[in-house]
Amino acid sequence: MNKNLRHKLKNIVFAHQQSGYNTDMTQKPKVTFLPVNIECSFSGQVTVLELATQNNLLINSSCGGNATCTTCRVFVESHLSQLPERTEQEKETLEGRGFADKERLSCQLQAFDGLVVRLL
Ligand code: FES
């Protein structure tokens, strides 16, 4: 590998590291929970509420994850532009309540690598 190409690859890896993306393909994707600053790895499809519960982090969920109570609300602290659309159930429940874009129902939000959420 020539010196110029090696330098370009090094810059790309550095940029990915700075963006919060997982550049080590052998590592599982992770979500970070604040303010406790705990990283939880996962595989497959899992909601933020399920991931927190699997890792003994308490998020209230009065309706059992059915998107009707809003007690599982979290604040998203990263990747705001990459958040998946709210589910239809989440939209219906939050309609007229004035929730900010970064306020999401953890029972409806699918975990993805690099996501950082703040527990209430
Ligand atoms: S657990 Fe009730 S809205 Fe998410």
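Among residues of the range 102-120 that are part of a strand (DSSP E or B), those with a Cβ under 7 angstrom from a residue that is at pLDDT below 95 and surrounded by fewer than 16 Cβ atoms within 10 Å (Cβ to Cβ), sequence gap 6+ or separate chain, pair up as Gln110/Pro84; Leu115/His79. Selection of first residues in the range 58-79 that are at negative phi and part of a loop (DSSP other than H, G, I, E, B) and of second residues that are near the ligand (Cβ under 6 Å from one of its atoms) and β-branched (Val, Ile, Thr), restricted to Cβ pairs under 7 Å at least 6 apart or on distinct chains, gives the following pairs, ordered by first then second residue: Asn60/Thr71; Ser61/Thr71; Ser62/Thr71. Residue count for the range 69-80 under the criterion of being more than 12 Å from the chain's Cα centre (by Cα) and either more than 12 Å from the ligand (Cβ to nearest atom) or surrounded by 15 or more Cβ atoms within 10 Å (Cβ to Cβ) (or both): the result is 4.
For the range 34-44, does any single residue satisfy the condition of being within 16 Å of the ligand (Cβ to nearest atom) and in contact with a Ser or Thr (Cβ under 9 Å, 6 or more places away or on another chain)?
So in the range 34-44, the residues within 16 Å of the ligand (Cβ to nearest atom) come out as none.
Checked the range 34-44: no residue is within 16 Å of the ligand (Cβ to nearest atom) and in contact with a Ser or Thr (Cβ under 9 Å, 6 or more places away or on another chain).
The number of residues in the range 101-120 being at pLDDT 95 or above and surrounded by fewer than 22 Cβ atoms within 10 Å (Cβ to Cβ) comes to 9. Among the residues making up the range 81-100, a single one is within 12 Å of the ligand (Cβ to nearest atom), part of a loop (DSSP other than H, G, I, E, B), in contact (Cβ under 8 Å) with a residue 24 or more places away in the chain and surrounded by 14 or more Cβ atoms within 10 Å (Cβ to Cβ): Phe99.
The values are calculated or read from the model by the stated rules, or taken from the named source; none is laboratory data. What you see is a predicted model; the values in this text were computed from it and never measured. Every residue, glycine among them, receives a Cβ derived from its backbone with ideal geometry; neighbour counts consider all protein chains shown.
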